[in-house]
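Presented below is the structure to which this report refers.
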Amino acid sequence: MKRLDEAANQEAMVRQQIIARGISDARVIQAMRAVPREQFFPPNLAEAAYGDHAAPIGHGQTISQPYIVALMSQALQVQPQHEVLEIGTGSGYQAAILSLLAREVFTVERVKPLLDEAFDRLIELDYRNVNYRLGDGTEGWPGHEPFDRILIAAAAPKIPEGLFKAQLLDGGIAVLPVGADNDQTLLQVTRKGEELIARALCPVRFVKLVGSEGWSEHSE
């Protein structure tokens, strides 16, 4: 009975929060239906899994609201042959969605307990095309660049040009929030040679991106 309830809640989430708001990419919608969102919440908070809001996951980090996960995934325009760099593993939910869209996902997290929990969770759920790294996500994944796509799940003070020019394939797309606290904008950034072309998507609210091309630890 519990799984039936969860399935009904997840389907309502997809229909009311995602499709009704204009998400139209069939592969993204299918991924949002397939990944059991409640599995990325502690058991005592599982009822909040399908709420139309972000939620805390500990260590000062959050899991994004379903619509924002879907919007970022759609804007990334991931194809089945792509390799995707994700910065900010968090709970592992976005990595799970990306794993169903891409050939391979490379996810970086600076908070070790979160990375360990995400690893265990994704392995248990059998998402096997995800690679994990502990470190400063703004340095990317040296030695495996360039990536077809880059998704950053934390707000940078500005577009990290060094990261994108070093790690994003020419013609590749990145999606990230930029700005401080109450003045953040979700951007889709396309690389054209040495030029980075940004398109604003919507206002958002994310935790800060900490790292060499992000905010300092003391600005959190």
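On a 0 to 90 degree scale, rounded to 10, what angle separates helix 66-76 from the longest Cα axis of the chain?
40 degrees
Give the long-range amide H neighbours of L168: residues separated by 5 or more places, or on another chain, with amide H under 5 Å away, using H modelled in the peptide plane at 1.01 Å from N.
The list, which skips near neighbours in sequence, is F147.
At 0.36 nm per residue, minus the direct Cα-Cα distance, what do C202 and D5 gain on full extension? Give it in nm, one decimal, please. Intermediate results must be reported in sequence, preceding the final value.
Details: separation 197, 0.36 × 197 = 70.92 nm, distance 3.19 nm.
My answer for the length gained is 67.7 nm.
Divide by every residue of the chain the summed helix terms, -39500 (n - 2.57) for each DSSP H run of at least 4, and state the resulting mean residue ellipticity at 222 nm, rounded to the nearest 500 deg cm²/dmol.
Numbers: 6 runs with 61 residues, N = 220.
Rounded to the nearest 500, it is -8000 deg cm²/dmol.
Quick one: which residues, 5+ away or cross-chain, put their amide H under 5 Å from the amide H of F106? H built at 1.01 Å from N.
V84, L85, E86, N131
Can you pull a Stokes-Einstein diffusion coefficient for the chain at 4 °C (1.567 mPa s), Rh from Kirkwood over Cα pairs, as a whole number of µm²/s?
Once the numbers are plugged in, D ends up at 75 µm²/s.
Can you pull a Stokes-Einstein diffusion coefficient for the stretch 44-107 at 25 °C (0.890 mPa s), Rh from Kirkwood over Cα pairs, as a whole number of µm²/s?
Calculated translational D: 196 µm²/s.
Skipping prolines and chain starts, which residues have an amide H placed within reach, meaning under 5 Å, of the one on I63, given they are 5 or more residues away or on another chain?
A55, I57
Over 15 Å, how big is the tail of the calculated P(r) for the stretch 102-173, in percent of all Cα pairs?
Working: 1473 of 2556 pairs.
Beyond 15 Å sits 58 percent of the P(r) for the stretch 102-173.
Beta carbons within 10 angstrom, averaged per residue: use that to sort the peptides 20-31, 179-190, 73-84, highest first. Spell out each step's value before the answer.
Numbers: 20-31: 14.7, 179-190: 16.2, 73-84: 19.5.
Highest mean packing first, the order is 73-84, 179-190, 20-31.
For the stretch 162-176 and the stretch 86-141, what is the separation of their C-alpha centers, rounded to whole Å?
If you average the Cα positions of each part, the centres end up 18 Å apart.
Each residue of the stretch 79-89 in order: what ³J(HN,Hα) in whole Hz does its phi give by Karplus 6.51 cos²θ - 1.76 cosθ + 1.60, θ = phi - 60°, with x for Gly and Pro?
For the stretch 79-89, the Karplus curve yields 10, x, 8, 7, 10, 10, 9, 10, 10, x, 5 Hz.
What fraction of the DSSP beta bridges in the chain is antiparallel, stated in percent and rounded to the nearest 5? Mind showing how you got there, number by number?
On the way: 20 of 41 bridges.
About 50 percent, rounded to the nearest 5.
Counting DSSP beta bridges with both partners in the stretch 132-220, what percentage is antiparallel, nearest 5? Walk me through the intermediate numbers first.
Values: 17 of 24 bridges.
Once the DSSP bridges in the stretch 132-220 are tallied, antiparallel ones form about 70 percent.
Out of the stretch 95-199, which GluC sites (Glu not before Pro) are coil in DSSP terms and have no more than 13 other C-beta atoms within 10 Å?
Values: sites: E104, E109, E117, E124, E139, E161, E194, E195; in loops: E194.
Listed in order of number, the matching sites are E194.
The numbers here are math on the coordinates, done by the rules we state, and not lab data. Nothing here was measured: the structure is a model prediction, and the numbers come from that model. Here Cβ is always computed from backbone atoms with ideal geometry, including for glycine, and neighbour counts include all displayed protein chains.
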